[in-house]
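What follows is a single structure, written as structure tokens, with notes after it.
Every read-out reported here was derived from the displayed coordinates using simple, explicitly stated rules and does not represent laboratory data. Predicted model only: the values in this text are computed from it and were never measured. As a convention, Cβ positions derive from the backbone with ideal geometry for all residues, glycine included, and neighbour counts pool all protein chains shown.
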Amino acid sequence: MVCPNCGHVNATTAKFCARCGQPLLSQFCPDCGADCAVNASQCPNGHQLPLPAQRLLGKGMVLANRYRIEKLLGCGGFGAVYLASDLRFQQRQVAVKENHDPTVLNSFLKEAELLANLHHPNLPRVSDFFQEHAPTIPQPRPYMVMDYIEGEELWERIQKQGKLSEQEVLDLLEGVFDALEYLHSLQPPIFHRDIKPQNIRITPDGRTFLVDFGIAKVGGAMTTTGSRAATPPFAPPEQYRMAGETDERSDQYALAMTIYVALTGQVPTHAEATRREQAVTTGAPDPLEPLSKVAPDVSPRVAKAVMKALSVDKQKRFSSIREFSQALYPPMIVGMTRRQFVATVFATAFSLSILAFGGYQFWKWRQPLWLV
């Protein structure tokens, strides 16, 4: 146990620091992230702290004799995510995901195995998985260690800016399209099934990551139950119907809704999502306002592609995420990223200017002086 006050490394079972006497056992407040005494009932900000069975870890705790907990990144009904330092590599920070619900242990393990075998620049990498009985927790819990992706959620950016420009959205989501094309091309294919602005992280240099594979589907098997997958308005209608079949067109719908929300700054209500689901079986008109009407500044090409991918009838969507991408982005950059295309244009223009200048200088050198 590392003392958060003086940094002294104490025995794992120690309750107080042997050097400075600082209490070592603590817990994070799930509401504000404050570090609190392990036996406290309220945090310094007045929030009620959970009972021991749902208690969070505290700052300075070390898991697997390797990962020192630094702060709480987020928590929910299924568990929590912490920022931790890898003590084997002092400069390396990792994200440690903790599962609180024993009923989804198998799906948690499957998520770890799934991510550990993925290799893509826009997907997080899992480096460790273990179970441990932390000093302040009554029962052992499973933990997953993955890359810590510094930055913000796409949802946070939308909330700050209200809505994003078409150019910014296309640039940010280019890596997500590429990651989904990679996932869908695997054998068996992997379907994320929970694409939404909260599950897309943006690094300070503008790189995007698709995160949280807790309800992913590998071929015909899902990492957890379908009930948790019911997250309107981003989940397509077929996903939250009891007998719904999901495939790559379901991911396409969720990504299209993410684009719709980013471009408009408006999130369809649960009631609107329910009416869309009902429209599948009743044939009622689609209640979703066309993107061209809500955001008239969006180009017709993008508005048309997004609304096609948002069709309540999945048979009317694009056949693949690649086809959606080709309809969304200008044809001239299909097959390369936008940044690659821009870099290619500038490199070509620069090369042509050098050739032109060199040709002119050669022409001057070959001419008689009186012609120059």
**OP:** Quick one: grab the alpha carbon gyration tensor of the stretch 84-166, order the square roots of its eigenvalues as a ≥ b ≥ c, and give me rounded if a/c is under 1.5, else prolate or oblate depending on whether a/b is larger than b/c.
**Re:** prolate
Subject >> Extreme residue, positive dipole direction of the stretch 26-147, given options Gly76, Leu87, Asn117 (C-beta unit charges) >> reply: Leu87
**OP:** Report the equivalent ellipsoid semi-axes for the stretch 248-297 in whole Å, largest first, defined as the square roots of five times the eigenvalues of the gyration tensor built from alpha carbon atoms.
**Re:** 19, 14, 10
Original post:
What is the dipole size for the stretch 152-333, taken about its Cα centre, with +1 at each Lys and Arg Cβ and -1 at each Asp and Glu Cβ, in debye to the nearest 20?
Top reply: 380
Subject >> Relative pair counts by distance (%), Cα atoms of the stretch 260-323, 10 Å bins >> reply: 21, 49, 30, 1
**OP:** Could you name the lysines whose alpha carbon sits less than 17 Å from that of Lys59, not counting residues in the same chain fewer than 8 places away?
**Re:** Lys15, Lys71, Lys97
Original post:
Which of the listed residues, Gly206, Gly283, Val294, is farthest toward the dipole's positive end in the stretch 152-333, when Lys, Arg count +1 and Asp, Glu count -1 at the beta-carbon?
Top reply: Gly283
**OP:** Enumerate the lysines that Lys163 could reach by cross-link, defined here as Cα to Cα under 18 Å, with residues fewer than 8 away along the same chain left out.
**Re:** Lys196, Lys293
Original post:
Which of the aspartates and glutamates could a cross-linker bridge to Lys160, judged by Cα under 13 Å and excluding same-chain residues fewer than eight apart?
Top reply: Glu152
Original post:
At what distance in angstrom do the alpha carbon centres of the stretch 59-113 and the stretch 253-290 lie from each other?
Top reply: 35
Subject >> Convex hull volume per residue for the stretch 152-333, taking Cα atoms only, in Å³ >> reply: 114
Original post:
Using Cα pairs under 8 angstrom and six or more residues apart, how large is the relative contact order of the stretch 152-333, in percent?
Top reply: 21
Original post:
Which semi-axis lengths, in whole Å and largest first, follow from the square roots of five times the eigenvalues of the Cα gyration tensor of the stretch 26-147?
Top reply: 24, 16, 13
**OP:** At 37 °C and 0.692 mPa s, grab the translational diffusion coefficient of the stretch 69-212 from Stokes-Einstein with a Kirkwood Rh over Cα pairs, rounded to a whole number in µm² per second.
**Re:** 199
